[in-house]
Structures are given as structure tokens and as C-alpha cells.
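The values are calculated or read from the model by the stated rules, or taken from the named source; none is laboratory data. No experiment lies behind these values; they were computed from the predicted model shown. Glycine also receives a Cβ, built like all others from the backbone with ideal geometry; neighbour counts cover every protein chain displayed.
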Amino acid sequence: MFHQYVKEQLKELEAANETTTDLLVNLFAAYREIPDKQFKGYVQPIQDQHYNGRQTQNPNGLTLMTIIENYYKGMIKDGIWMKPDPDQETIIALKAQIETKQRRKGGKNPQQQQDWKLTPPKPGEPTKKVVMINGKRLTYYWCPHHKRWTAHKSKDCRLKPNQPEPKQENSPTLAKKTPVKKKEKKQGLALRVMNAILDDSDKEGEEQEEDDYESDASSNNEQQSDSE
């Protein structure tokens, strides 16, 4: 379809006694936009040989379009057109796992589940709320020092102004940071994605631990309030 459109435009230019000087440039640019890794790998050497003068293409683009179209038809026949490569297949599988995991959690990702903690109460609204998290009723208080909903009350906040600063160690100098060596080998695309997924899972675990800690703190606060 694309080549047919190009050929029709060339006929219109010819009918108007006009020509184009950048047809090959535009053709190569269009081929680079096709999201097929094997197809791009086939076109790239042809483009390189044309630009370095080893095997230049006819300026009218007809020879180039014929070569590319024949290769495209061969890929279609072999059933490999737009077939994902191993890295892409890994990414697709990981995305499917994430979507399944999110559906089991009610369609919300961990970040969305935590966004409400950053929303302050409106003027006149209570600074205490009870929410359901993972089937548990947890009590939260708006902390103006943390600027978020927390398990502790504002008066018990460790960031409360005028709190005495913790004493420093006897050593007046700070320990020097040990330089971190850069990794010499680059990770593959699939491995980087998997590491990102694992890192996201670790963050979810940390958030779950924080909820468990806040749950215990909330229970203690409630018991203290009842005893008062």
C-alpha cells in the first residue's frame, strides 16, 4: 500500500513535469519507522551501501522499492513478519504477569494504592480516618510534619519542630563513602526489564511492611486512647 501510494505520487509529479530529489531519503526514513527488528536489519545494509557509494540505488526509487517489497512478501510467506524477537517476547510475558497481578489486586498498582496518603484533609474535615487495607481496618492520622496520612498522631510525630537533635558519634568527621564500581558489562533488555519488575516487587514488599508496622502502631494508639 505504501509503495503504491509513492508510485502514484511519482506519476502525478511526472504529469506536471516535476521531479523529486529526496525520494530515496524519504523511503529509507519510512522503512526505519517499521517496528520489525528483522526487517530493519535487512534494510540497514542496503542504506549503508547506498550512502557510502558501494551500491547506489536509482534515484527514482523503483529498484529499491522492488527489493524491499520482495523481502516483505517473503517474510509474510514465512510467517515471520512482525514476529517478536526473544527480548520482546520476554517483555510481553512480563507485562501480562503484571496485568494479571494488578487485576487480582483490584486493578490498581501499588503507587495508586498509596496516593491517598498524600491527599490532605479539606478545611473542616477530620484529621483521623479508618481505611480498609488488605481486609484490615487501619486508623490513620493526618501528620502536617510528614504531610501525609500516618499511623501516629501529630503530637507524637518525630519530625515535630523543636525536638532535640540526636547526639552524633564522637568522631567529628563523616565516614568516607566507598566508591561504587560501575558494571563493566551492559545488561540485556530483557534482563533490565526483569530487574525492574523485581525492584518493583521489593517496593511492594516494603510498602506492605510499612502497612503492617502502621497497623501495629494504630492498634497501640487505639488501646492508649481507650485506656485514657
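Residues being within 23 Å of residue 5 (Cα to Cα), among the basic types (Lys, Arg) and either assigned to a helix (DSSP H, G or I) or in the same structural domain as residue 9 (by TED's automatic domain parsing) (or both) are entirely absent from the range 85-96. Somewhere in the range 34-43, is a residue acidic (Asp, Glu) and either free of Cβ contacts under 8 Å to residues at least 12 places away in the same chain or in a helix (DSSP H, G or I) (or both)? Scanning the range 34-43, I find no residue that is acidic (Asp, Glu) and either free of Cβ contacts under 8 Å to residues at least 12 places away in the same chain or in a helix (DSSP H, G or I) (or both), so the answer is no.
Table: residues versus (1) on the phi > 0 side of the Ramachandran plot; (2) surrounded by 12 or more Cβ atoms within 10 Å (Cβ to Cβ); (3) not β-branched (Val, Ile, Thr).
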| site | (1), (2), (3) |
| --- | --- |
| 12 | no, no, yes |
| 18 | no, no, yes |
| 24 | no, yes, yes |
| 27 | no, yes, yes |
| 30 | no, yes, yes |
| 38 | no, yes, yes |
| 53 | yes, no, yes |
| 61 | yes, yes, yes |
| 84 | no, yes, yes |
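A Cβ distance below 6 Å, combined with a sequence gap of six or more or placement on separate chains, defines the contacts here; from the range 66-78, residues that are within 19 Å of residue 28 (Cβ to Cβ) reach residues that are modelled with pLDDT of 90 or more in the pairs 69/3; 71/42; 75/81. All conditions but one from (1) over 26 Å from residue 29 (Cα atoms); (2) of a type in the set (A, V, I, L, M, F, W, C); (3) in contact (Cβ under 8 Å) with a residue 12 or more places away in the chain; (4) outside any helix (DSSP H, G or I) apply to residue 81; the one that does not is (1).
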